[in-house]
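FYI, it's all coordinate maths here, none of it is from the lab. The structure presented is a predicted model; accordingly, all values stated were derived computationally and were not measured. As a convention, Cβ positions derive from the backbone with ideal geometry for all residues, glycine included, and neighbour counts pool all protein chains shown.
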Amino acid sequence: MMTKPYISVVIPVYNEQENLRQLFERLTSTMDAFGRPWEVLFTNDGSRDNSMELLKSFHKQRPKQVRVIDFSGNFGQHMAIIAAFEHVRGEVIVTLDADLQNPPEEIPKLLAAIEAGHDSVGGYRRNRQDTFFRKYASKIINGIRAKVTRIRMKDQGCMLRAYRKHIVDNIVASGETSTFIPALAYSYSANPGDVEVEHAARAAGESKYRLYDLIRLNFDLMTGFSMVPLQAFTLFGMIVSVFSFLFVVFLFIRRIVVGPEAEGLFTLFAILYFFVGIGIMGLGIIGEYVGRIYKEVRRRPRFIIRNIYEETND
Ligand code: UDP
Ligand code: MG
């Protein structure tokens, strides 16, 4: 009989060969010292480097504690986490990044907050070690998210988080393909909390997110948790209609009183282009929602698991 783990640590891995050894070492020593039964689930998200071999060697080293889910391709960080969520056995689930930006030594802090009664705990990064651009963009997005959605968390981008099992079960059951896990967890949580955690620069390798991925991810957050972008457009359209109507009335009266006019042609163009631009943006926003709806209704598998390396005789 295997002892049931109390803590399940979930780590998505995409081309992290330079970081995995140190990560595993620091994780095991932290968790062993913590003294409760634990397990770790790595999801290999289609790495093209040596990551999978390393993960398999960890599984060999501690077959009872280390499980590895091997994706058949790259399905993204959030899907990698959800796949692991489907298989966790612990009562408390902790997520963290594989690049050592989230120090494993901080896990006990999150667990303490869970034991104090929170059912979902987010880390917020002290001295965030990212590029100036990332930090700044993230501030803006955090600000927009706070205004546009009902989610109140300190640092949505920090993936060092802990959840009670029922939250994770609900995330799995929701079955969405383009979702943002911290926000989803928040919306299922009865008593969310935040704790301050350290943040390090990426130990090796480079960020797997290019600008385009970041934009897409943040659209997932906005469209997945708010209708405000659409509603703002309806409202804006209504305001423009009212003003246009007043303008038409004005022109009509002017025509009768002053006579026809032909000046200000280019001003008119400028105004027109402005509204055309806004209109195209509106189409884009609708497209973002429609595309996501399409993705959901097709009900294609969210990810494909090639193999799971685990001890099954429990
Ligand atoms: N990751 C993943 N699949 C991807 C991109 C990233 O599993 O398609 C993992 C990556 O290995 C790391 C975590 O997600 O463990 C965060 O990625 P990264 O550090 O590149 O993101 P950043 O810290 O720049 O936001
Ligand atoms: Mg990182």
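Structure notes:
- Debye log10 I(q)/I(0) for segment 149-237, one point scatterer per Cα, at q = 0.14, 0.18 Å⁻¹: -0.64, -0.99
- Over the C-alpha trace of the chain, radius of gyration and Dmax come out as 24.6, 94 angstrom.
- Helix-only mean residue ellipticity at 222 nm for the chain, each DSSP H run of n ≥ 4 adding -39500 (n - 2.57), per residue, nearest 500: -17000 deg cm²/dmol
- Burial ordering of Leu100, Leu251, fewest other beta-carbon atoms within 10 Å first: Leu251, Leu100
- Crossing angle, helix 211-225 versus the chain [Cα axis fit, 0-90 degrees, rounded to tens]: 80
- For Thr43, residues with placed amide H under 5 Å, excluding near neighbours: Ile11, Val13, Ile69
- Between segment 109-162 and segment 189-256, the C-alpha centres lie 19 angstrom from each other.
- Rounded to whole Hz, the Karplus (6.51, -1.76, 1.60) HN-Hα couplings of segment 96-106, x for glycine and proline: 7, 7, 8, 8, 6, 6, 9, x, x, 4, 7
- Convex hull volume of segment 13-127 per residue (C-alpha atoms, cubic angstrom): 113
- In loop segments of segment 128-235 as defined by DSSP, the trypsin sites (Lys or Arg not before Pro) with at most 12 further C-beta atoms inside 10 Å of their C-beta are Arg150, Arg152, Arg210.
- Under a Gaussian network description of the chain, with springs only between Cα atoms under 10 Å, the residue in Tyr124, Tyr294, Tyr186 that fluctuates furthest is Tyr294.
- Prolate/oblate/rounded label for segment 187-238 (Cα gyration tensor, a/c 1.5): oblate
- Antiparallel bridges, percent of DSSP beta bridges restricted to the chain (to nearest 5): 35
- Sequentially through segment 254-259, phi angles give Karplus couplings (6.51, -1.76, 1.60; θ = phi - 60°) of 4, 4, 5, 7, 9, x Hz, Gly and Pro residues having no value and appearing as x.
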